[in-house]
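Q: Pasting a structure below so you can have a look.
The values are calculated or read from the model by the stated rules, or taken from the named source; none is laboratory data. As the structure is a prediction and not an experimental result, all values here were calculated from the model. Methodologically, a virtual Cβ is constructed for each residue, glycine included, from the backbone with ideal geometry; neighbour enumeration extends over all protein chains shown. Keep in mind that these areas ignore ligands, DNA and RNA; they rest on the heavy atoms of the full protein, side chains included. Shrake-Rupley method; radii C 1.70, N 1.55, O 1.52, S 1.80 Å.
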Amino acid sequence: MKTVKTLLAAAVVASTVATPAVAEIEVAASAAVANMYLWRGQDLSNGSPAVSGDITASLGGAYAGVWASSGDDAMGQEYDVYAGYGLELAGFTVDASVWTYVYPGDEELGEAGNLSEAVLSVGYGPFSVSYLDNIAGGSGYSYITVGAEMGKFSATVGMTDSDDVEDVSTDYVHLDISYAYNDNLSFTVSQVIDEDTDGSVEDDLHFVLSYSLPIGE
């Protein structure tokens with residue numbers, strides 16, 4: 001009987017030691033202002049300043065949150081709802097997420113789920129690749145980015161691949177080069193470098209100044 005009690009006690013101790021600490025949900029938020037709403041090489045605010053903010057809750061590799069903006073010139077105010085999971089694997093970072101874009105002032109896109117994208121990103125060292133696929137709403141499109149970082153500088157090439165509508169293509173490639181002056185202030189130069197469009201894609205050179213600030217730290 002003593003042996004049985006000893007084994008039971010050892011099992012209880014081992015179970016207590018092996019039990020991991022309960023993971024806590026972490027919440028992060030930030031606010032930002034920029035001289036324009038730059039989106040995939042395009043100035044959506046028509047030169048007007050843009051204010052945005054986000055809040056994200058994470059638990060381990062899983063996360064979910066909301067990003068909101070004063071909006072673009074055509075669609076008005078916007079908020080995006082997202083959820084995903086990220087992990088590190090053999091030196092690579094892998095992240096999969098789903099985003100839905102909501103424009104409260106628009107009849108068609110005023111509800112969550114009417115315009116959504118699935119996103120897969122893979123990074124290794126200073127390099128990263130992302131693939132975004134239109135899974136709801138829209139006219140059927142994908143968007144690919146290839147990026148690299150070197151110190152405070154970063155460069156991103158973005159490429160759209162849209163389904164032609166009435167034999168009209170809206171495909172283009174843009175290049176963004178950014179400089180992070182510090183954790184809050186950054187500068188970006190963006191230029192469309194190739195296009196096969198109906199003229200709806202602007203190819204002006206854009207200069208963006210943005211300032212972001214974490215909330216609650």
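Q: Could you tell me the center-to-center distance, by alpha carbons, between the range 70-101 and the range 122-186 in angstrom?
A: Cα centres, the range 70-101 to the range 122-186: 13 Å.
Q: With percent of Cα pairs over 21 Å apart as the read-out, I listed [x] 66; [y] 54; [z] 46; which label goes with the value calculated from this structure?
A: Evaluating percent of Cα pairs over 21 Å apart on these atoms matches [x].
Q: Keeping the other protein chains in place, figure out the carbon and sulfur percent of the accessible area of the range 82-217, with a 1.4 Å probe. Walk me through the numbers before you get to the answer.
A: Working: 4790 of 8330 Å².
Taking all protein chains in place, the range 82-217 shows 58 percent carbon and sulfur surface.
Q: At residue 142 and residue 108, where each label point lies 7 Å from the Cα along Cα→Cβ, what is the point-to-point distance in nanometres?
A: 2.3
Q: Taking the 0 to 90 degree range and rounding to the nearest ten, how far is the long axis of helix 2-18 tilted relative to the main principal axis of the chain, both from C-alpha atoms?
A: With rounding to tens, the tilt is 20 degrees.
Q: If 36, 159, 150 are ordered by their accessible area, calculated over protein heavy atoms with a 1.4 Å probe, which sequence runs from highest to lowest?
A: My answer, sorted largest first, is 150, 159, 36.
Q: Something else now. With every protein chain left in place, what is the accessible area per residue of the range 83-209 in square angstrom, probe 1.4 Å?
A: Details: 7620 Å² over 127 residues.
Per residue, the range 83-209 has an accessible area of 60 Å².
Q: Which whole-Hz couplings ³J(HN,Hα) result when phi for each residue of the range 97-103 is put into the Karplus expression 6.51 cos²θ - 1.76 cosθ + 1.60, θ = phi - 60°, listed in order with x for Gly and Pro?
A: 8, 10, 10, 10, 9, 10, 10
Q: For the range 51-67, take each phi angle, set θ = phi - 60°, evaluate the Karplus expression 6.51 cos²θ - 1.76 cosθ + 1.60, and give the result in whole Hz per residue in order, putting x for glycine and proline.
A: Rounded to whole hertz, the list is 10, 9, x, 8, 9, 10, 10, 10, 9, x, x, 8, 8, 7, x, 9, 10.
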